[in-house]
Amino acid sequence: MTYLVLENYIKCKHTDCVEVCPVDCFKEGPNFLVIDPDGCIDCAVCVPECPADAIVAGHEVTDSYWTDLNARLAVSWPVITKKKAPLPEAEEFKAIKDKRHLLEE
Ligand code: SF4
């Protein structure tokens, strides 16, 4: 199993999660992060760190789109281990649920 980053996180990038991951498996894109399924050890310490409640256990996710997306983008995006400032629009977009189309790869 792995944990996954879901739609709530698009255009947020709070990045609190990356500092607690013991195996550095968060990968960074322009306006989203993903979790590398090959590195995640299912420890769940990142879950309460996310202000957008966007990190979920893979077995709780019924839409395989997010499983496939995390795995695919984790291959090409670089590792992020240090917290950085969220995107300027993060607060505005945190409450928006339907924003899959805004994901920049
Ligand atoms: Fe990292 Fe643990 Fe979160 Fe997986 S569950 S991404 S290993 S902090």
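The values are calculated or read from the model by the stated rules, or taken from the named source; none is laboratory data. Every value quoted in this text rests on a predicted model; they were computed, and no experiment measured them. With ideal geometry, Cβ positions are generated from the backbone for all residues, glycine too; neighbour counts draw on all protein chains shown. These area figures cover heavy atoms from the full protein model, side chains too; ligands, DNA and RNA do not enter into them. Shrake-Rupley method; radii C 1.70, N 1.55, O 1.52, S 1.80 Å.
Some notes on this structure:
- In the chain, the DSSP-assigned H stretches of four residues or longer account for a calculated mean residue ellipticity at 222 nm of -5000 deg cm²/dmol, using -39500 (n - 2.57) per stretch and the full residue count as denominator.
- The dipole here belongs to the chain: it is taken about the Cα centre, uses +1 on the Cβ of Lys and Arg and -1 on the Cβ of Asp and Glu, and is about 220 debye.
- Full extension of the chain segment joining GLU89 with GLU49 gains 12.5 nm, where the gain is 0.36 nm per residue of separation less the Cα-Cα distance.
- The alpha carbons of the chain stretch over 32, 29, 26 Å along the principal axes, in descending order.
- Segment 31-105: trypsin sites (Lys or Arg not before Pro) in DSSP loop, at most 12 other beta carbons within 10 Å: LYS82, LYS84, LYS97
- Per-residue SASA entry for LEU102, accessible area with 1.4 Å probe, Å² rounded to 10: 60
- Straight-distance candidates among the aspartates and glutamates for linking to LYS11, with alpha-carbon spacing under 15 Å and chain neighbours fewer than 8 residues away dropped: GLU28, ASP53, GLU89, GLU91, GLU92, ASP98, GLU104, GLU105.
- ASP36 contributes an accessible area of around 30 Å² to the protein surface, as traced by a 1.4 Å probe with all chains present.
- Solitary cysteines of the chain, where the nearest other Cys Cβ is not under 4.7 Å: CYS12, CYS21, CYS25, CYS40, CYS43, CYS50
- Ordering LEU6, TRP77, ILE41 by Cα displacement along the dipole of the chain toward the positive end leaves TRP77 in first place; charges were set at the Cβ atoms of Lys, Arg (+1) and Asp, Glu (-1).
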